[in-house]
Amino acid sequence: MKDISEYITERTNNIDLASYITTDNMLQNFEGVKAFTGKTEAESAVAYRKGDILLSNIRPYLKKMWLADKNGSCSPDVLVFRSDTSKVSPEFLYYSLRRDDFIDFIMHNAGTKGIKMPRGNKEEIPNYSISLPSLDQQAILVTEIRKYEEKISDARLSIASCPSRKQAILDNYLK
């Protein structure tokens, strides 16, 4: 990973709460982020760009990771990785890291600090190895993965609407 991406530590004083990311508004199980609704006393934060990969470094086993779709800032408890786009597409790197194998690496091989709220070892995480096909092959794989992501999203929407549809049937026929 260290040969194809950079660990970003650049700070910014421009903290826009609409694009601010903390470990609290990152969703578990690689589900992305939700809007930040809190307040921050921080005077500076880590700057991230669209295409960067953000990873919660607190309790990595919760699998909080996001491929940024905008520019913004984040708390220092969120690690930011930026792809070297001459070698790897940001989406391919994201999907390569969005795996239990990567989380296991952080938890068991890279080493963590703390028991109740373990933190990943920032120096060792970049040592994670991934397979790196050509950029053309990466694009093909990402396109295929996107198709499945769309199907998963559609299925989740359908499942989410089932309880209300069921209740409508019950209300209509069991008066």
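K50 satisfies every condition listed in (1) assigned to a loop (DSSP other than H, G, I, E, B); (2) charged (D, E, K, R); (3) modelled with pLDDT under 95 except (3).
Restricted to region 31-77, and to residues that are touching a Phe, Trp or Tyr at 6+ places or on another chain (Cβ under 8 Å), β-branched (V, I, T) and surrounded by 15 or more Cβ atoms within 10 Å (Cβ to Cβ), which residue is farthest from L17 (Cα to Cα)? Residue satisfying both the conditions and the ranking: I53.
With the requirement that a residue be free of Cβ contacts under 8 Å to residues at least 40 places away in the same chain and of a type in the set (S, T, Y), what does region 127-143 give you? Correct list: S131, S134, T143.
The set of residues from region 66-87 being within 23 Å of P133 (Cβ to Cβ) and in contact with a helix residue (DSSP H, G or I) (Cβ under 7 Å, 6 or more places away or on another chain) comprises L67, S83.
Reported count of residues in region 141-163, each being of a type in the set (G, A, S) and surrounded by fewer than 10 Cβ atoms within 10 Å (Cβ to Cβ), is 1.
The set of residues in region 28-54 that are in contact with a helix residue (DSSP H, G or I) (Cβ under 9 Å, 6 or more places away or on another chain) and not aromatic (F, W, Y) comprises Q28, N29, A35, T37, G38, K39, T40, K50, G51, D52, I53.
The values are calculated or read from the model by the stated rules, or taken from the named source; none is laboratory data. Everything numeric in this text was worked out from a predicted model, so none of it was measured. Quick reminder, even Gly has a Cβ in these numbers, built from the backbone with ideal geometry, and neighbours come from all protein chains shown.
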